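The values are calculated or read from the model by the stated rules, or taken from the named source; none is laboratory data. Since the structure is predicted, the reported quantities are computational estimates derived from the model, not experimental observations. Glycine also receives a Cβ, built like all others from the backbone with ideal geometry; neighbour counts cover every protein chain displayed.
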Amino acid sequence: MALEPHEMNAAELSTAFEARDLSPVEVTEACLGRIEALDSSINAFCHIDVYATQQMAEDSEKRWLEGEPLSPLDGVPVAIKDLLLTKGWPTRRGSLTIDPKGPWLEDAPSVARLREAGAVLIGKTTTPEFGWKGSTDSPLTGTTRNPWNKDKTPGGSSGGSAAAVAARFAPLALGTDGGGSIRIPASLTGTFGLKPSFGRVPAYPLSPFGTVAHVGPMSRDVRSSAMLMNVIAKPDARDWHSLAYEPMNYAAELEAPLKGKRIAFSPRLGYVQRIDSEVEALVRAAVKRLEDLGAHVELADPPGGDPSDIFQKIWWSGAGYLLGDLPEEKREQLDPGLRKMADIGNSFTKKQFIDANASRGVYGTQMRVFMEKYDFLVTPSLATTAFAVNQLSPLDDDGKAWMAWTPFSFPFNLTQQPAASVPCGYASNGLPVGLQIVGKMFDDQGVLAAAYAYEMAHPLYEKTPPGF
């Protein structure tokens with residue numbers, strides 16, 4: 001049976017446009033129709049501009065009919081996380097403190113590259129306030145829900161983007177990841193997400209949380225994210241942290257074999273105490289599949305121990321910097337958890353902050369030396385499946401907010417390595433589980449190829465949430 005437009009991935013849509021089997025207008029109308037019919041139960045989108053989106057689709061259709069598409073993603077719908085500036089559309093970052101009137105005069109680099117590629121911007125997706133936590137609810141937009149179980153969170157902070165992809169509202173989305181914010185919701189919604197090497201995808205304005213924050217692709221399948229990387233990894237002078245641009249066709253290099261690759265499997269990173277037993281079992285089964293593909297796998301924990309204190313000093317201080325100068329009437333509008341985090345961040349001394357950054361440097365060096373022995377490090381993406389909405393953590397409050405159940409994600413924001421979450425199975429509660437693949441610094445292509453090899457051996461990307 002032929003796939004419905006909303007079921008098709010980016011490559012299938014591009015092929016259909018070229019063959020004139022489908023038009024960008026038809027696909028955009030199908031996606032907008034699904035959003036209108038179904039998003040009220042999910043709350044993945046915080047801004048839809050039907051007229052502007054339809055105009056982008058009509059412009060794309062003309063280019064395809066003239067045989068002059070701007071890129072393979074011309075006409076493909078992409079959802080934009082509401083932390084990323086989008087010209088003409090409000091970017092309120094989940095916060096009542098931001099004036100919706102703007103002005104909104106420029107695009108973030110990744111959004112600008114999408115416009116240049118002819119992509120159709122389908123809307124802005126929800127985020128917790130300023131992307132501060134690993135679940136998605138905010139004073140501005142309320143609660144976002146997981147398509148696999150609407151009583152559960154889709155994770156965060158790119159929860160709206162992940163929910164939109166999982167619910168087939170769009171084949172592609174942009175996310176940001178400062179402590180796991182792409183990989184967390186990818187794992188909880190059964191989708192794919194890549195945190196590229198820091199600086200690979202230019203960002204502007206730079207995150208107030210500092211050099212742990214990355215921009216990356218989200219999709220149901222690996223190839224679609226690779227196609228998106230081809231576009232968003234292009235240079236932008238506004239990001240002075242960005243890497244020197246190296247033209248790369250990520251999608252064309254996905255077939256690289258896994259045979260002979262050296263993989264360190266660390267089921268608990270040497271220090272994680274609490275992890276759901278089903279999650280751990282599904283990840284171990286996934287690692288066996290990697291061995292069956294010819295990879296050399298050995299149990300090995302990276303050095304450095306638990307870096308949560310380092311990350312807390314950096315992330316909480318970022319919140320303090322971001323919100324420290326807000327007048328009291330605006331502080332009263334903040335998510336109480338974010339306000340508490342900012343207050344703690346402002347209580348850290350200058351010495352504590354500098355010590356944390358120095359310790360981060362030591363930790364990063366140890367990790368790079370460790371990775372000289374391996375092509376990839378594999379771990380669970382998370383310690384749990386999705387839990388109830390409007391919870392900060394399903395575990396006891398340890399004073400570190402969401403870090404207890406995300407112990408596998410934030411270390412690799414500190415080290416800036418590329419890391420992806422790929423679906424590896426479903427727990428007995430029917431909820432998805434993710435496998436994390438971490439690469440050597442700068443080897444984004446390798447991570448995508450390894451994730452693709454796993455996906456081809458154990459394809460789950462066509463599995464649809466009940467009711468969607």
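Being more than 14 Å from residue 168 (Cα to Cα) and either within 24 Å of the chain's Cα centre (by Cα) or part of a helix (DSSP H, G or I) (or both) is the filter here, so list the residues in segment 13-39 that pass it.
14, 15, 16, 17, 18, 19, 24, 25, 26
Give just the number: which of (1) farther than 13 Å from residue 209 by Cα; (2) among the hydrophobic types (A, V, I, L, M, F, W, C); (3) in contact with a Pro (Cβ under 8 Å, 6 or more places away or on another chain) does residue 344 not satisfy?
For residue 344, the exception is condition (3).
How many residues are touching a residue at least 60 places away in the same chain (Cβ under 8 Å) and either of a type in the set (Ser, Thr, Tyr) or within 15 Å of residue 63 (Cβ to Cβ) (or both) when one looks only at segment 1-26?
Counting residues in segment 1-26 that are touching a residue at least 60 places away in the same chain (Cβ under 8 Å) and either of a type in the set (Ser, Thr, Tyr) or within 15 Å of residue 63 (Cβ to Cβ) (or both) gives 3.
Report the residue count in segment 65-97 for those that are in a loop (DSSP other than H, G, I, E, B), in contact (Cβ under 8 Å) with a residue 24 or more places away in the chain and not acidic (Asp, Glu).
Matching residues across segment 65-97 total 20.
Mind listing whichever residues of segment 329-352 are touching a helix residue (DSSP H, G or I) at 6+ places or on another chain (Cβ under 8 Å) and either among the charged types (D, E, K, R) or crowded, with 16+ Cβ neighbours inside 10 Å (or both)?
331, 334, 335, 338, 339, 341, 342, 343, 344, 345, 348
Test of understanding: among 422, 378, which residue is closer than 30 Å to residue 150 by Cβ, β-branched (Val, Ile, Thr) and touching a residue at least 12 places away in the same chain (Cβ under 8 Å)?
422
Go through (1) in a loop (DSSP other than H, G, I, E, B); (2) under 23 Å from residue 214 (Cα atoms) for residue 110 and report which single condition fails.
(1)
Taking residue 384 as the residue in question, decide whether it is at negative phi, of a type in the set (Val, Ile, Thr) and either crowded, with 17+ Cβ neighbours inside 10 Å or touching a strand residue (DSSP E or B) at 6+ places or on another chain (Cβ under 6 Å) (or both).
yes
I'd like the residue in segment 68-119 that is over 15 Å from residue 58 (Cα atoms) and β-branched (Val, Ile, Thr) and, out of all such residues, is surrounded by the fewest Cβ atoms within 10 Å (Cβ to Cβ).
98
Looking at the structure I just gave you, is residue 450 touching a Leu at 6+ places or on another chain (Cβ under 7 Å) and modelled with pLDDT under 95?
no
Which of the following residues is modelled with pLDDT under 95, over 30 Å from residue 312 (Cβ atoms) and either out of contact with any Cys (no Cβ under 9 Å at 6 or more places or on another chain) or outside any loop (DSSP other than H, G, I, E, B) (or both): 102, 123?
None of the others qualify; the one that does is 102.
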